[in-house]
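The values are calculated or read from the model by the stated rules, or taken from the named source; none is laboratory data. For clarity, every value in this text was computed on a predicted model and none was experimentally measured. As a convention, Cβ positions derive from the backbone with ideal geometry for all residues, glycine included, and neighbour counts pool all protein chains shown.
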């Protein structure tokens, strides 16, 4: 649980990220912590990729993260 001040600062950062996305189009880098349901977002990325011609089915895809 965050206090109201921290929650509001987080909300402002999320809004700024989504506003920029709406104005300039799909970003190259996603701040996954700005999404309220990151698991749903990553699943939608897998679905989108698997629907491309010649791509493997969604059950054969997985993510590999390299922290930077």
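Kindly evaluate residue 63 against the criterion of being modelled with pLDDT under 85 and touching a helix residue (DSSP H, G or I) at 6+ places or on another chain (Cβ under 8 Å).
The answer is yes for residue 63.
Can you report the number of residues in segment 25-56 which are in a helix (DSSP H, G or I) and either touching a helix residue (DSSP H, G or I) at 6+ places or on another chain (Cβ under 9 Å) or at positive phi (or both)? Spell out how you get there, then give the answer.
Pass one, segment 25-56, residues in a helix (DSSP H, G or I): 32-34, 38-50.
Imposing the further condition that a residue be either touching a helix residue (DSSP H, G or I) at 6+ places or on another chain (Cβ under 9 Å) or at positive phi (or both) reduces the set to 32-34, 38, 41-43, 46-47, 49-50.
Result for segment 25-56: 11.
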- Which pairs do you get when a residue that is within 17 Å of residue 66 (Cα to Cα), found in segment 29-47, comes within reach of a residue that is surrounded by 11 or more Cβ atoms within 10 Å (Cβ to Cβ), reach meaning Cβ atoms under 6 angstrom, with the pair 6+ apart or on two chains? 31/17; 32/38
- Which ones in segment 13-24 are surrounded by 10 or more Cβ atoms within 10 Å (Cβ to Cβ) and either closer than 17 Å to residue 36 by Cβ or in contact with a helix residue (DSSP H, G or I) (Cβ under 9 Å, 6 or more places away or on another chain) (or both)? 13, 14, 15, 16, 17, 18, 19, 21
